[in-house]
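Here the structure comes first, spelled out in structure tokens, and everything after it is commentary.
No lab work stands behind these numbers, since they all come straight from the coordinates. Not measured: the values here are computed from a predicted model. Quick reminder, even Gly has a Cβ in these numbers, built from the backbone with ideal geometry, and neighbours come from all protein chains shown.
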């Protein structure tokens, strides 16, 4: 799936704290990784169309959009781009709706750690 050796990641997340933490963790694991960020969900589909990332980490609750609806829209046009839905909420309905929207993986924010990220990347990106 990955077209080159420098993966491009898109984090769609409104929490500055979580974005910073997540970006720092990614850069520590893969120093050459390019990390793009979108804070509100606005223009994400256009962004993905113009500069397709190797993987998208999508929050559900965004100020300007619904992450599950964005996931569905992106996967309709770009089915090969992996989308990981990330949320702070532990509701079974979210996991099921994320899967229905086409998400490749569902991750609770409190489960974010190096080993989980490595497993996601090994399974979805570095194949």
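With a ≥ b ≥ c the root eigenvalues of the C-alpha gyration tensor of region 64-127, is it rounded (a/c under 1.5), prolate (a/b larger than b/c) or oblate?
Oblate.
Answer rounded, prolate or oblate for region 10-57, using the Cα gyration tensor with square roots of eigenvalues a ≥ b ≥ c: rounded when a/c is under 1.5, else prolate when a/b is larger than b/c, else oblate.
Note, shape of region 10-57 comes out oblate.
Set the Förster radius R0 to 22 Å, insert the Cβ-Cβ distance between residue 113 and residue 77 as r into 1/(1 + (r/R0)^6), and round the FRET efficiency to 0.05.
Computed FRET efficiency for residue 113 and residue 77: 0.10.
Given region 14-127, what percent of its DSSP beta bridges are antiparallel, to the nearest 5?
10
Seen from all sides and averaged, what is the projected area of the convex hull of the Cα atoms in region 8-124, in nm²?
Its average projected convex-hull area is 6.4 nm².
Points 7 angstrom from Cα along the Cβ direction at residue 40 and residue 89: gap in nanometres?
2.1
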